[in-house]
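The values are calculated or read from the model by the stated rules, or taken from the named source; none is laboratory data. Keep in mind it's a predicted model, so treat the numbers as computed, not measured. No Cβ is skipped: glycine too gets one built from the backbone with ideal geometry, and neighbour counts run over all protein chains shown.
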Amino acid sequence: MLDLEQLSDDAQVYFDGYVATGTDDELFASGYLRGHVDLVLGGALMQNKALTMDEFIELVEQSVNKAIKNGELEQSDVITVNNVLNGLLKTL
C-alpha cells in the first residue's frame, strides 16, 4: 500500500517543477492535474482507504477522462495534460 501523504508530497514537487521550467500550457496542465490528484488522494485519506499504485493511477485517469468527456478541456489541452500526467506517473 502507498503512503498517501508521501505520494501527495512527491506529486506536489513534480507539479511545482513546472512553475520554474514549464511552458504556459504545461503550467496549466500541471495545475489542472494537481486538482485531480488532490481529489483522489484527499478522498482516500478522508475515507481512511489504502490505495495501491495501480488503484491510484486508475482513479486519477478516471477522474481526468470523465472531465475530458464532460468537455472541460480543449483538444490541444488534452494532449498536454496527458503528457504531464504520463511524466508524473513515471516520476512516482
Within segment 63-82, residues loosely packed, with under 11 Cβ neighbours inside 10 Å, assigned to a helix (DSSP H, G or I) and either of a type in the set (Gly, Ala, Ser) or modelled with pLDDT under 95 (or both) come out as GLN75, SER76
Are there any pairs, at least 6 apart or on different chains, whose C-beta atoms fall under 6 Å, with the first in segment 53-75 and over 21 Å from ASP3 (Cβ atoms) and the second of a type in the set (A, V, I, L, M) and not in a loop (DSSP other than H, G, I, E, B), and if so, which?
ILE68/VAL78
Considering segment 40-62, residues that are acidic (Asp, Glu) and surrounded by 15 or more Cβ atoms within 10 Å (Cβ to Cβ), and then whichever is farthest from LEU85 (Cα to Cα), we arrive at GLU55
Could you check, for segment 24-35, whether at least one of its residues is in contact (Cβ under 8 Å) with a residue 60 or more places away in the chain, surrounded by 11 or more Cβ atoms within 10 Å (Cβ to Cβ) and assigned to a helix (DSSP H, G or I)?
no
Among the residues of segment 44-62, the number that are part of a helix (DSSP H, G or I) and of a type in the set (Val, Ile, Thr) is 2
Filtering segment 36-75 down to residues that are of a type in the set (Gly, Ala, Ser) and touching a Ser or Thr at 6+ places or on another chain (Cβ under 9 Å) yields GLY42
